[in-house]
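For reference, the structure discussed in these notes is given below.
Throughout, read-outs are computed from the coordinates displayed, never taken from laboratory work. Just so it is clear, the model here is predicted, and its values are computed rather than measured. Here the Cβ is made from the backbone with ideal geometry for all residues, glycine too, and neighbour counts use every protein chain on show.
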Amino acid sequence: MPPLRAPDDLKRVLLPEPPQPDREMEQGSILAAVLFPLVPRPEGVQVLLTRRTEHLRDHPGQISFPGGRMEPEDASPRHAAFREAFEEIGLPVEHPALLGYLPAYLTVTGFLVYPVVACVAPPFTLRLDRFEVAEAFEVPFAFLMNPAHHREESRMYKGIRRAYHVIQYREHSIWGATAGIILSLHQRLAGKI
């Protein structure tokens with residue numbers, strides 16, 4: 001896969017509008033949106049991720065994209081993702097530049113997640129909501145897109161063995177929905193979708 005020169009290179013593989021999931025998939029799910037923030041740096045494009053605090057009810061301690069549940073006042077997944085990014089990491093809602101969308105991702109915990117891909121050009125200053133976010137960090141996009149760093153594991157969840165993807169970056173284990181969303185972009189860039 002050729003290196004990503006700029007976030008705009010992604011527009012050819014992203015959806016221009018939020019995906020329309022089938023009603024069966026949406027029914028009974030908790031609607032959520034996440035921001036897949038791409039940060040252009042001199043050393044290459046980075047992906048901004050967070051580590052959730054350990055006391056949260058949903059997905060404690062996990063590596064995630066900024067995001068969360070869609071609220072009734074959210075006009076679209078983009079509005080929800082940008083709002084949540086502001087609430088969680090202090091990213092002004094006017095700062096991210098929308099690039100497009102990835103297909104909705106259904107988690108085993110019942111969330112239907114809309115990934116919103118955007119460019120977050122420096123400079124910016126993060127202000128973490130310490131109740132929800134333990135830390136924010138960047139991972140090279142090229143590292144995340146390299147299949148040598150992708151593996152599959154499994155564990156029991158509610159009496160059923162479930163397989164999930166894992167990407168290990170330094171001390172951070174990126175797995176579950178976050179890894180699944182990253183891999184959905186990898187598959188699109190590799191022409192597998």
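Using only the Cα atoms of region 127-193, what are the Rg and Dmax in Å?
My reading of the Cα-based Rg and Dmax gives 13.9, 40 Å.
Could you pull out which residues in region 169-193 have an amide N less than 20 Å from a spot 7 Å beyond the Cα of Asp9, following the Cα-Cβ vector?
Within reach of a label on Asp9: 182-193.
What list of ³J(HN,Hα) values in whole Hz, one per residue of region 127-134 in order, does the Karplus curve 6.51 cos²θ - 1.76 cosθ + 1.60 (θ = phi - 60°) give from phi, with Gly and Pro shown as x?
10, 6, 7, 5, 6, 9, 10, 7
For the chain, what does the helix formula give at 222 nm: sum of -39500 (n - 2.57) over DSSP H segments with n ≥ 4, over the residue count, nearest 500 deg cm²/dmol? List each step's numbers first, then the result.
Details: 4 runs with 36 residues, N = 193.
Mean residue ellipticity, 222 nm, calculated: -5500 deg cm²/dmol.
Give me the mean projected area, in nm² to one decimal, of the convex hull enclosing the Cα positions of the chain.
It is 11.2 nm².
What length, rounded to one decimal in nm, is gained on full extension from His172 through to Ala121, with 0.36 nm per residue of separation minus their alpha-carbon distance?
16.0 nm
Once the dipole of the chain is set up with Lys and Arg at +1 and Asp and Glu at -1 on Cβ about the Cα centre, which of Val93, Met156, Tyr105 lies farthest towards its positive end?
Farthest towards the positive pole: Met156.
Pick from Arg151, Arg170, Arg130: which residue has the top mean-square fluctuation in a GNM of the chain where Cα pairs under 10 Å get a spring?
Maximum among the listed residues: Arg170.
How large is the charge dipole for the chain, taken about the Cα centre, if only the Cβ atoms of Lys, Arg (+1) and Asp, Glu (-1) carry charge, to the nearest 20 debye?
It comes to approximately 600 debye.
Let me see the pair-distance distribution of region 36-105: every alpha carbon pair, 5 Å bin width, integer percents in order.
With a bin width of 5 Å, the distribution comes to 3, 14, 22, 27, 19, 10, 3, 1.
When the chain is fully extended, how far beyond the present Cα-Cα distance does Gln27 get from Arg161, taking 0.36 nm per residue of separation?
Computed gain between Gln27 and Arg161 is 45.8 nm.
Could you give each residue of region 156-173 its phi-based ³J(HN,Hα) in whole Hz, using Karplus coefficients 6.51, -1.76, 1.60 with θ = phi - 60°, and x for Gly or Pro?
Once θ is set to phi - 60°, the couplings for region 156-173 become 7, 9, 6, x, 10, 6, 10, 8, 8, 8, 9, 10, 9, 10, 6, 7, 9, 9 Hz.
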